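Novice: Got a structure for you, written out below as structure tokens; questions coming shortly.
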């Protein structure tokens, strides 16, 4: 029966069955009248009646012997031989629920529920780890490796390998993991490495390498100059800017860029 086919007689019958007669559930009323649970609950709520909880419905009911037998059969999934075998495997042989489930051919959750139902004391996690230790000993905060071999896909073995070099909008970076001042990925800027090779020592973090032609991709030694710190480097840039302004004011300089002036 669809919602639009429900008449006033059907509605009254629903309310009578739900409240007066046998205190039937929504599902039972739906089966009797040939409609869904949703339609029954909709018309009962529309009449201003509160829907009862499961505990309220079960209060006045008497469970018959047949119903009890059905419940027992549903709960007792295992035969007597299987029940004895499960207890023996868990207590004597000290096997886990997962291992027992493979032997009995069921899920590990069913074994766990069976042990709970029969009040069998279950093992703690510490006892379970002692009986079945992992393949590697681990400490708190460390990554657990359970014997899985990880493929070496770094460096030349990686399909995206570009020879240990990559360029951004400004600088070129070269892979040098052993360098004391490399970044998190193990890369260093190329112009600093070229200057270090020329001097034969590591540059300090305060030292700055300047490009004469202002092209940061050009890392040839003839194009590089070393400053002790960043203030000295910025002073040099300010000096070049002042030169251009002075020449422009005099009207003698047609060059407008620092690069042209320094040539």
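Every number in this text was worked out from the coordinates using simple rules, so none of it is lab data. Computed from a predicted structure; not experimentally measured. Every residue, glycine among them, receives a Cβ derived from its backbone with ideal geometry; neighbour counts consider all protein chains shown.
Novice: Applying 1/(1 + (r/R0)^6) with R0 = 51 Å to the Cβ-Cβ distance of residue 47 and residue 116, what FRET efficiency is obtained, to the nearest 0.05?
Specialist: E between residue 47 and residue 116, to the nearest 0.05, is 0.75.
Novice: In nm, to one decimal, how far is the residue 227 label point from the residue 202 one, both placed 7 Å along Cα→Cβ?
Specialist: 2.4
Novice: Could you sort 79-85, 99-105 so that the peptide with the highest average Cβ count within 10 Å comes first and the rest follow in order?
Specialist: My ranking of the peptides, most packed first, is 99-105, 79-85.
Novice: Please find the FRET efficiency linking residue 31 to residue 88, where r is the Cβ-Cβ separation and R0 is fixed at 45 Å, and quote it to the nearest 0.05.
Specialist: 0.50
Novice: A further question follows. What number, in percent, do you get for the relative contact order of region 164-228 if the mean sequence gap of Cα pairs under 8 Å and at least 6 apart is divided by its residue count?
Specialist: 26
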